1. Is it possible to state the helix-based mean residue ellipticity at 222 nm for the chain, with each DSSP H run of 4+ residues giving -39500 (n - 2.57), the sum divided by total residues, to the nearest 500 deg cm²/dmol? What is it?
2. Nothing charged except the Cβ atoms of Lys and Arg (+1) and of Asp and Glu (-1): what's the magnitude of the dipole of the chain about its Cα centre? Round to the nearest 20 debye.
3. Name the residue from 151, 41, 96 whose Cα lies farthest towards the positive end of the charge dipole of the chain, charges +1 on Cβ of Lys and Arg and -1 on Cβ of Asp and Glu.
4. What percent does the relative contact order of region 29-182 come to when contacts are Cα pairs within less than 8 Å and at least six residues apart?
5. For the chain, find the longest principal axis of its Cα atoms and tell me its angle to the long axis of helix 155-179, 0 to 90°, nearest 10.
6. Can you tell me the orientation of helix 89-117 relative to the chain, as the angle in degrees between its alpha-carbon axis and the longest Cα principal axis, to the nearest 10?
7. Please label the shape of region 4-155 as rounded, prolate or oblate, based on the square roots a ≥ b ≥ c of the eigenvalues of the alpha-carbon gyration tensor (a/c under 1.5 means rounded; beyond that, a/b larger than b/c means prolate, else oblate).
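Just so it is clear, none of the values below were taken in a lab; they were calculated from the coordinates. Just so you know, these numbers come straight off a predicted model, no measurement behind them. Please note: Cβ atoms are built from the backbone with ideal geometry, for glycine as well, and neighbour counts cover all protein chains shown.
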Amino acid sequence: MRPTYVRIMDALYVLCLTIAIVSVVSMTILIFVGVIMRYIFYMGAAFAEPSSIFFSVQLTLYGAAACYRARSHLRIQFFTGLLPKRVQWIPNALVTLLMATISVAMMYYGADLVQTTWFQAYPEFTYIRVGAVYSAIPGGGFILLLFIIESVFYPDAMAADEEEEVRLALEHAEEEARKLGY
């Protein structure tokens with residue numbers, strides 16, 4: 001049975017993925033509508049650009065947290081693998097410490113940025129505060145820190161997820177190969 005903390009992190013991971021997917025789809029639609037409005041109807045869509053900026057901020061910060069949890073972020077495991085087994089933990093611990101530092105900085109400086117820009121509004125959307133858009137910085141940093149804590153205290157849970165994904169991918173590949181007659 002998975003620990004409660006890991007199950008909560010599973011839910012946060014799904015939330016981050018949902019935000020990222022909604023952001024990509026929304027940006028695609030908004031930019032498409034902006035291009036159509038400009039080049040077919042000869043009038044600009046003033047809402048398209050600021051909305052796309054909003055979604056790109058959300059995509060970047062919550063998507064980065066999801067990538068960390070999925071272990072699909074940029075890592076240079078090749079060099080760590082060249083080290084003797086007894087010292088391989090050192091660069092991994094250093095990366096974890098640096099990521100935790102970055103997430104704390106995101107929360108601290110992001111909260112300051114949100115406070116500074118909270119009373120600024122977009123000209124196209126006077127009801128949306130610039131600070132609300134930037135609230136993804138401390139929010140993404142907080143979720144990233146929670147995922148880092150999970151990787152420190154429950155490393156086996158994340159490894160089990162990877163093993164399960166590999167197993168499912170292999171089963172799917174074997175099934176597809178059988179369908180094709182291989």
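1. Mean residue ellipticity, 222 nm, calculated: -26500 deg cm²/dmol.
2. For the chain, the charge dipole is close to 300 debye.
3. Positive-end residue among those listed: 96.
4. 24
5. 90
6. 20
7. Note, shape of region 4-155 comes out prolate.
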